[in-house]
């Protein structure tokens, strides 16, 4: 806004004593992180960290016979009201190293570290965040750019992947944008099948965002951006020497904030869901058929992190190593699974897994809220993630970081909802008797709530409204 070059501004707000100390500790190794502009139940940073750890481990093993520079993963997560990486991991009992020496020591020992340094790291950014909140600048594109990259410079990254959420809740807005540019970053995205798209890989959109990014970062000057290969759905920003300190490359991945990012919204629910995706029976990312979730978590993310063969077994190893640092994970996992895998439950039925901690569960199907789902299979074309975000915020109430409340989506966009007629024996077993309509049907949404905070009648009212108005269907 004052014609100060954005990259110079970004470098300036990264400066601090702790930054200087960290950068001296790393040596010549490559340091990587996956950052995100965030949205409700965003698990991309955790999956990105795991895939980067796969890449770092492989390089470490290969370096026994090569002279390639070592690779470290310096994950700097954020805390968010809609399930940030920090509060997701804290709900599992994760302890973050904060001292520069401890951060570097753990990283060199394990090849990666998830850290939460003190406020001495990029202190100017901390103050800018406070002022941005007061002046309605949380979605200002240049300030978001500067905030994300300055913290990666401060922690010592040489390479950074930025997951940019586009859609109605995007943070990449500025008042000087043209109408075309505003539409580009705020529109809802759908794939060629007409259902919501999670990875935004349209070449035209990538080229348009590349031009916008070059305009923002370059201040009108020529900036080195390139699409490495036409089939790779991300933008590569090559940082010339000293343009952004030691940061050599930024990879910009575009994804859709308007689509649920996974089945779970809620801290402990997300940890449970990630375990189900990686080790369990949820075939959302392992099915042979193409779907948006498999595309992001099993294909695009390993590719952008440098794991060419996309080995799921290697990912399992890294998830196992992370769960060893989550002492509270198993208790929450067992309670949630006991309910979700129950053979029968209804809208007003309480979970056998509940206890004296004021936590209840209600489950809903599509019928009678969507009448066409009574006797015909339907496909979910769209679910409004912003409506789910508001529902989750209401479930948390004054306890913004409540680890146990949340929402479980049994069906997601692109998935089919079947009725009883014509199903085989195994599929019949997966149907749930919902007493409100006395009809066997597939569950759509389960809500974990606290009756002392959220009256049951209001939970039911909000769930019914969501199913009736925020879920769009098509007939099979």
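The values are calculated or read from the model by the stated rules, or taken from the named source; none is laboratory data. Keep in mind it's a predicted model, so treat the numbers as computed, not measured. Glycine gets a Cβ as well: all are built from the backbone with ideal geometry, and neighbour counts include every protein chain shown.
Okay, here's what the table says:
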quantity: Residue tally, condition assigned to a loop (DSSP other than H, G, I, E, B) and touching a helix residue (DSSP H, G or I) at 6+ places or on another chain (Cβ under 9 Å), over the stretch 121-138; calculated: 4
quantity: Residues (assigned to a loop (DSSP other than H, G, I, E, B) and in contact with a strand residue (DSSP E or B) (Cβ under 7 Å, 6 or more places away or on another chain)) located in the stretch 279-304; calculated: none
quantity: Subset tally (residues that are part of a helix (DSSP H, G or I), touching a helix residue (DSSP H, G or I) at 6+ places or on another chain (Cβ under 7 Å) and closer than 19 Å to residue 158 by Cβ) for the stretch 27-57; calculated: 5
quantity: Residue 333, sole failed condition from (1) more than 24 Å from residue 94 (Cβ to Cβ); (2) at pLDDT below 85; (3) surrounded by 18 or more Cβ atoms within 10 Å (Cβ to Cβ); calculated: (1)
quantity: Search result, residues across the stretch 440-466 that are at pLDDT 90 or above and in a strand (DSSP E or B); calculated: 445, 446, 447, 448, 449
quantity: Members of the stretch 148-179 found to be assigned to a helix (DSSP H, G or I) and either free of Cβ contacts under 8 Å to residues at least 24 places away in the same chain or not assigned by TED's automatic domain parsing to the domain that holds residue 257 (or both), listed by number; calculated: 179
quantity: Qualifying residue in the stretch 111-120 (condition: without any contact (Cβ under 8 Å) to a residue 12 or more places away in the chain and either outside any loop (DSSP other than H, G, I, E, B) or crowded, with 16+ Cβ neighbours inside 10 Å (or both)); calculated: no
quantity: Count of residues meeting criterion [closer than 24 Å to residue 277 by Cα and over 19 Å from the mean Cα position of the chain (by Cα)] in the stretch 379-412; calculated: 3
quantity: Selected residue (criterion: surrounded by the fewest Cβ atoms within 10 Å (Cβ to Cβ)) from residues of the stretch 84-110 that are assigned to a loop (DSSP other than H, G, I, E, B) and under 24 Å from the mean Cα position of the chain (by Cα); calculated: 95
quantity: Answer residue from the stretch 305-316, given it is part of a helix (DSSP H, G or I) and in contact (Cβ under 8 Å) with a residue 40 or more places away in the chain and is surrounded by the fewest Cβ atoms within 10 Å (Cβ to Cβ) among those; calculated: 314
quantity: Counted residues, the stretch 15-38 - those being buried (at least 24 other Cβ atoms within 10 Å of the Cβ) and at pLDDT below 90; calculated: 0
quantity: Any hit, the stretch 62-82, residues being part of a helix (DSSP H, G or I), assigned by TED's automatic domain parsing to the domain that holds residue 199 and surrounded by fewer than 23 Cβ atoms within 10 Å (Cβ to Cβ); calculated: yes
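For every residue, the table says whether it meets (1) over 26 Å from residue 468 (Cβ atoms); (2) surrounded by 19 or more Cβ atoms within 10 Å (Cβ to Cβ); (3) modelled with pLDDT of 75 or more.
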residue	(1), (2), (3)
341	yes, no, no
362	no, yes, yes
371	no, no, yes
383	no, yes, yes
